[in-house]
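Working notes, structure below.
The values are calculated or read from the model by the stated rules, or taken from the named source; none is laboratory data. Everything numeric here is computed off the predicted structure, so don't read it as measured data. Note: ideal-geometry Cβ built from the backbone for every residue, glycine included; neighbour counts use all protein chains shown. These accessible areas exclude ligands, DNA and RNA; they are computed on the full protein's heavy atoms, side chains included. Shrake-Rupley method; radii C 1.70, N 1.55, O 1.52, S 1.80 Å.
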Amino acid sequence: MKKVIVILSALFLLTQGTAMTAHEGRGRADRRMTGYGNVHYGTSLSKDLKLKLTAEQAARIRALDEKYAQESAPIREQLYSRGLELKAEWLQTAPDRGKIEALQGEVAKLHERMQAKMAAYRADVLKELTPEQRAHVPDDGPGRIIYKPAGLGR
């Protein structure tokens, strides 16, 4: 009987250890490694070592970063609040179609405003770079490779 208990305990511990390690690397700390973060998604080009920025260029780009963050903060807050309103309306037992369409229209307009701010910001940052430095700017296009941490089955 003792052998059976020992064997079952060993199997249980072995399977639990395997299950726990299967999800390692999927936490909050690894989200920064998913390939997002170029220019307007949080990481400034002033910290990109490949560009070899001068001190003046880095200072001007940091100033543009701060300006963009201040200008886009109200739009982001509005997007967040409209998103909450939209979600609340969808979760109603009898959602109002007109209100949902109006909120979706507002969200679309806010997205357009945010994209215009991002485009202006990116254009201003690119003006600060030399042609050689622009060649090293990361591309945010559809062909960009996204890093995914290794796990089971990969």
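Once you list every other residue whose beta carbon is under 14 Å from the beta carbon of ASP124, what net charge do they have if Lys and Arg are +1 and Asp and Glu are -1?
Within the 14 Å Cβ shell, the charges total +3.
Once you place label points 7 Å from the Cα toward the Cβ at LYS67 and LEU84, how far apart are they in nm?
Going from the LYS67 label point to the LEU84 one covers 3.1 nm.
Provide the solvent-accessible area of ASP96, counting protein heavy atoms only and rolling a 1.4 Å probe, rounded to the nearest 10 Å².
Looks like 80 Å² after rounding.
If I model a spin label at VAL107 and GLN16 as a point 7 Å from the Cα along the Cα→Cβ vector, what separation in nanometres do I get?
Taking the simple label geometry, VAL107 and GLN16 are separated by 4.2 nm.
Report the extension gain between ASP96 and THR54 in nm, rounded to one decimal, defined as 0.36 nm multiplied by the number of residues separating them, less their alpha carbon distance.
Full extension from ASP96 to THR54 adds 9.6 nm.
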